[in-house]
Structure formats: structure tokens, C-alpha cells
Amino acid sequence: MDFSGAIQNRNLVSFHYDGHPRVVQPAACGPHATTGNEVLRGYQVDGRGNSRPVPFWDLFLIDKMSNVEILDGRFTEDPPYYSRDDKHINPIRAQL
């Protein structure tokens, strides 16, 4: 799944991950710098997580996502504490 368009257009993304529904503001995507697995860096704003309440930042493995949907809803401001050039993604295919 390519999240480049969702990142550029600032669309919210929904998916199931580790058994939980999630809604995320996507911030960056590409292969993980050490494993090469495709990942999405995102700020989860709705749904549930395994061990912490939303909102929070996470690095999601794209292979573990299911029921992925690019939503019509958009966000205008960068998520809190966002910083470009995520060191865990190399090369970065898209970023805010």
C-alpha cells in the first residue's frame, strides 16, 4: 500500500492493526532503515492501541495492516511534535 497520496493530501487513514481499529494522521512512509520492511509513521488520533491511550505516535508495519482505507477527512496542521526526515525510514518516499 502506498500512502504517498494520503500524506501529500493530508488525508486521515483508517486500518486494523494488532486487532485494534485505528485512525492515523500519516506523516512519512518508506522502508524501515534497518529491516527494509515497509512502514508508515503516523500520529494515531482515534481507535485503540495495545498499551496506551490515543493520541500517540507510532511506526506501523504495512504488512500488519488490514482493512486499510484512505478517508475523506483531512488534517491541516502538522501533528504535535512532528519532525521531518524520520531516521527510522530510509529512503523516505513521502513526508509532510
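Quick one: how many residues across region 1-24 are buried (at least 21 other Cβ atoms within 10 Å of the Cβ) and not charged (D, E, K, R)?
7
Residues being modelled with pLDDT under 95, touching a Gly at 6+ places or on another chain (Cβ under 9 Å) and surrounded by 14 or more Cβ atoms within 10 Å (Cβ to Cβ): count how many of those fall in region 49-61.
Matching residues across region 49-61 total 1.
For region 36-47, how many residues meet the condition of being open to solvent by 40 Å² or more (accessible area, probe 1.4 Å) and either touching a Leu at 6+ places or on another chain (Cβ under 9 Å) or in contact (Cβ under 8 Å) with a residue 24 or more places away in the chain (or both)?
5
May I ask you to list the residues in region 62-79 that are open to solvent by less than 60 Å² (accessible area, probe 1.4 Å) and closer than 24 Å to D18 by Cα?
Answer for region 62-79, where residues must be open to solvent by less than 60 Å² (accessible area, probe 1.4 Å) and closer than 24 Å to D18 by Cα: I62, M65, S66, V68, L71, G73, P79.
What is the number of the single condition among (1) open to solvent by 20 Å² or more (accessible area, probe 1.4 Å); (2) at pLDDT 95 or above that A27 does not meet?
So A27 meets the others, but not (1).
Name every residue in region 26-40 that is closer than 17 Å to D2 by Cβ and out of contact with any His (no Cβ under 7 Å at 6 or more places or on another chain), in order of residue number.
P26, A27, A28, C29, G30, P31, G36, N37, E38, L40
The values are calculated or read from the model by the stated rules, or taken from the named source; none is laboratory data. All values derive from a computational prediction rather than experimental measurement. Using ideal geometry, Cβ is built from the backbone for each residue, glycine included, and neighbour counts are taken over all protein chains shown. Surface accessibility is based on the protein's heavy atoms, side chains included, excluding ligands, DNA and RNA. Shrake-Rupley method; radii C 1.70, N 1.55, O 1.52, S 1.80 Å.
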